[in-house]
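Notes for the one structure printed next.
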Amino acid sequence: MKVSVLRVTLGAIGAVQLILGLVFLFIPAQFASIVHLAAVPGWVPWMFAMFSARAFGFAYGMFLAMRQPEAHRAWIVSMILVQAVDWIVTVYFLLQGAVTLPQVSTASFLPIIFIGVLVARFPHADSQTLATTS
């Protein structure tokens, strides 16, 4: 497997998704406490646990794409969209004063970096890839 900026980025995104999945499944209240967020209603951990399943799914997709980016372009496109939504809602809640920059930490800039690399290095299908995926 050839190491490239795209593959490293996909692996980093996969790792972030895996970490988010673990945090939201096993320690959501502790995470909220660490970043000084208010306590949440009792039903919120249920939503976080459901989100964790999706984060694990995206981690899986990013690790697949890391191994063979040309064959998994759809996963990359979906992650570009996920990162765009992540960044937009982060900025929205920052501007509303619901969260602070220290609380959102990397969510304020990582999505922009990830989107930039994924768009700039987006794999284009070559004839061999198209022949093996058809």
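The values are calculated or read from the model by the stated rules, or taken from the named source; none is laboratory data. Since the model is a prediction, treat every value here as computed from it, not as a measurement. Ideal geometry is used to build each Cβ from the backbone, glycine not excepted, and the neighbour counts take in all protein chains shown.
Figures for the structure shown
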item: Breaking point among (1) over 13 Å from Leu118 (Cβ atoms); (2) touching a residue at least 24 places away in the same chain (Cβ under 8 Å); (3) surrounded by 14 or more Cβ atoms within 10 Å (Cβ to Cβ), for Val35; result: (3)
item: Pairs with Cβ under 7 Å, 6+ apart, first in the stretch 105-120 and under 11 Å from Gln83 (Cβ atoms), second loosely packed, with under 13 Cβ neighbours inside 10 Å and among the hydrophobic types (A, V, I, L, M, F, W, C); result: Val117/Val5
item: Leading residue by the ranking (nearest to Gly97 (Cα to Cα)) among those in the stretch 5-64 that are small (Gly, Ala, Ser), in a helix (DSSP H, G or I) and more than 17 Å from the chain's Cα centre (by Cα); result: Ala32
item: Members of the stretch 52-76 that are touching a residue at least 24 places away in the same chain (Cβ under 8 Å) and closer than 18 Å to Gly116 by Cα; result: Met62, Ala65, Met66, Pro69, Glu70, Arg73, Ile76
item: Checklist (1) more than 21 Å from Val8 (Cα to Cα); (2) β-branched (Val, Ile, Thr); (3) at pLDDT below 95 applied to Thr129, failing item; result: (1)
item: Top-ranked residue in the stretch 87-123 [being part of a helix (DSSP H, G or I), aromatic (Phe, Trp, Tyr) and more than 12 Å from the chain's Cα centre (by Cα); ranked as surrounded by the fewest Cβ atoms within 10 Å (Cβ to Cβ)]; result: Tyr92
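Yes/no matrix, rows are residues, columns are (1) in contact with a Leu (Cβ under 6 Å, 6 or more places away or on another chain); (2) more than 23 Å from Ala125 (Cα to Cα); (3) at pLDDT below 95:
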residue	(1), (2), (3)
Val8	no, no, no
Val16	no, yes, no
Ala59	yes, no, no
Ile80	yes, no, no
Ile88	no, yes, no
Leu101	no, yes, no
